[in-house]
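What follows is one structure encoded as structure tokens, with my remarks underneath.
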Amino acid sequence: MRLLAAAILLFALVLPAQAERLVTMVSRDEVAITSSFSGETLTLFGNIEPEAGSTQKYVEGPYHIIVVVTGPWQDRVARLSQPVFGIWMNTQQVLFKAFPSYYHVLSSAVLTDITSEATLDELDILPADQAALAAQPGKGDPKVLGTELIRLMTEQGHVGVNPTGVVFRSDTFYAAQVSLPSDIPTGPFLAHTYLFKNGALIAERSEGFTVRKIGFERFLGQASTGQPLLYGLVCVALALFTGWLGGVVFRR
Amino acid sequence: MQIYLPIAELSMNLFFLVGIGGAVGFLSGLFGVGGGFLLTPLLIFSGVPAPVAVASVTGQVVAASTSGALSYYRRGQIDLHMALYLVLSSVLGAFGGVATFAALRSIGQLDLVISLGFLVLLGSVGTLMMIESVRAILKRRAGIVVREKLPNQHNWFHGLPMRVRFKKSRLYISVLPVLVLGLCIGFIGSLLGIGGGFILVPALVYILRMPGNMVIGTSLLQVVAMMSATTILHAVNSQSVDILLAFCLMVGGTVGAQFGASAGKYLRGEQLRALLALLVLAVAVRFGFSAIVGPSDPYSMAVVGLGGVP
């Protein structure tokens, strides 16, 4: 038995036909948020090629791609509100620690057509898997509240599963459109690409990009956290000045 | 035209922000209140995160109250001595309010307390104002001359120890009720994100028996000072004051307030009070509705912090 396993392993190592690699790229590695920012679309594209150094000239599909785009982590709570003596109050609350603030799964086909559910579970690709990973024990059912958290974030456009998000332009070249809404959190993003062939994962690759404020918006964001007292004083001074100016301009 | 709000981390329409600032400013100029109790729920409903809405509206209330306070000051209608006591105690109350705000947020009952707080506060104040103004309107219809209450009638708590002479208001009363009033206003105001002008004005008239010509100016100055302090507290504590959001609201608010003030000249005092009572009751009903009938979606979510490594 062990001999057989070793033989298979050896066979897999020397077999050049299975050696594909992914070459991926994001259209921009930095998304700048300026005063007129109202969301943006990035293109993620890639090509499937023979492994570097192999003698193979071309690769043969059919291939499937799953791209998972993950935004910076946040601690989030989901709550259930129920009537208690006639007044609605939050009765259940579950904390999801280090949950992605943005989580989109783009694929070239319906996920269960690409690979088995066991593989999807193992890779934690579905948003529900992420919720299960992040849920902390608390007052409430983590499974139900996790599902509801995913639903709320999907309505907001921060979570999504799109089985037509990856489009093959040729047998080996694909492109995926990643749409970032206007209320996108800032920070590091990760686009993880999985390459599947006949239901098996054969290659994967990560690309990062950053969403950050630039110019005046960046200055304000930094001032509010770096110099909060000064920032507050400036806010008050601005308010007093605006109020005074309004009184002067409109005085008759 | 979209404008990106760097602290709220979302972009909103500039004209919408200036517009709601102007509309609420118009009402605040008309009725002589800060308008925070309208603006905060409006912003939350438009998708601004609740902490950012509460903190940024405090900045807007400062601006909206400043021009009014200045014009009353020029006319000599502010009792600075009384305002000093009110401001000092209300800033203390604001510390308590901001701390309670943070504590409630962490146990997840902030929404409920804000809803119930608005319901009880606005409901009772609105009902009282409504009864009082409808009575005044009916009396005027019937041709009865309404005699203003004498300002110098004393209550039992005016005679408590630590009496102080307030020259401008022609009062010689204990400072204890003044300080308690300031503490309560500071606590409620910072907890609910409102200036508290609509509580302070009746309290000064009916509890402290302050003369009518001093009430509005003193209340406005107190709101400016207390909300300035609350803005700084929020900026330091939760870092959720969005200066761009506040500025858009301020610009609309100060312009709207001027138009509101001139429109107010065409309405009589009791009619104005009846309209304000209607408005206050409407907001109270809105909050009561969500607490008793329940939200449209029983599930909700909130970001409670930046995530570290899991």
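Nothing in this text is a laboratory measurement; each read-out follows from the coordinates by a stated rule. These figures come from a predicted structure and were not determined experimentally. Here the Cβ positions follow ideal geometry from the backbone for every residue, glycine too, while neighbour counts run over all protein chains shown.
Brief remarks follow.
- For region A:30-90 versus region A:148-167, the gap between their alpha-carbon centres in whole angstrom: 9 Å
- Whole-Hz ³J(HN,Hα) from phi, Karplus 6.51 cos²θ - 1.76 cosθ + 1.60, for region A:81-93, glycine and proline x: 9, 9, x, 10, 6, x, 10, 6, 9, 6, 9, 10, 8
- Other-chain or far-sequence residues with amide H under 5 Å of A:Q74's (modelled H): A:A98, A:F99, A:S101, B:G307
- Residues whose amide H falls under 5 Å from that of A:N162, counting only those 5 or more places apart or on a different chain, are A:V105, A:L106, A:S107, with hydrogens built in the peptide plane.
- Pair A:Q56, A:S179: separation of 7 Å Cα→Cβ label points (nm): 3.6 nm
- Inter-label distance for B:K265 and A:Q156, nm, one decimal - labels placed 7 Å from Cα along Cα-to-Cβ: 4.8 nm
- Scanning chain A for long hydrophobic helices, with DSSP H runs required to stretch 24 angstrom or more by C-alpha along their axis and to average at least 0.0 on the Kyte-Doolittle scale, returns A:228-249.
- Mean ellipticity per residue at 222 nm, deg cm²/dmol - from DSSP H runs of n ≥ 4 across chain A, formula -39500 (n - 2.57): -10000 deg cm²/dmol
- Using a Förster distance of 45 Å, the FRET efficiency for B:R74-A:V84 (Cβ separation, nearest 0.05): 0.30
- Here the extension length gained between A:S38 and A:W244 equals 70.9 nm, from 0.36 nm per residue of separation less the Cα-Cα distance.
- Amide H partners (placed H, <5 Å) of B:L10, local residues excluded: B:L5
- Counted by neighbouring Cβ atoms within 10 Å, the residues A:W73, A:W88, A:W244 run from fewest to most as A:W244, A:W88, A:W73.
- If the segment from A:S116 to A:F219 were pulled out straight at 0.36 nm per residue, it would be longer than the present Cα-Cα gap by 32.3 nm.
- With one equal scatterer per alpha carbon and no solvent term, the Debye-computed log10 I(q)/I(0) for region A:19-213 at 0.08, 0.16 1/Å reads -0.32, -1.03.
- Nearest-ten-degree value, helix B:212-237 long axis tilted from longest Cα axis of chain B: 20 degrees
- Legend: calculated FRET efficiency, B:K139 to B:R170, from the Cβ-Cβ distance at R0 = 30 Å, rounded to 0.05, equals 0.65.
- Region B:12-88 and region A:175-228 have Cα centres spaced 37 Å apart.
- A Förster radius of 35 Å, combined with the Cβ-Cβ distance separating A:L190 from B:S46, puts the computed FRET efficiency at roughly 0.65.
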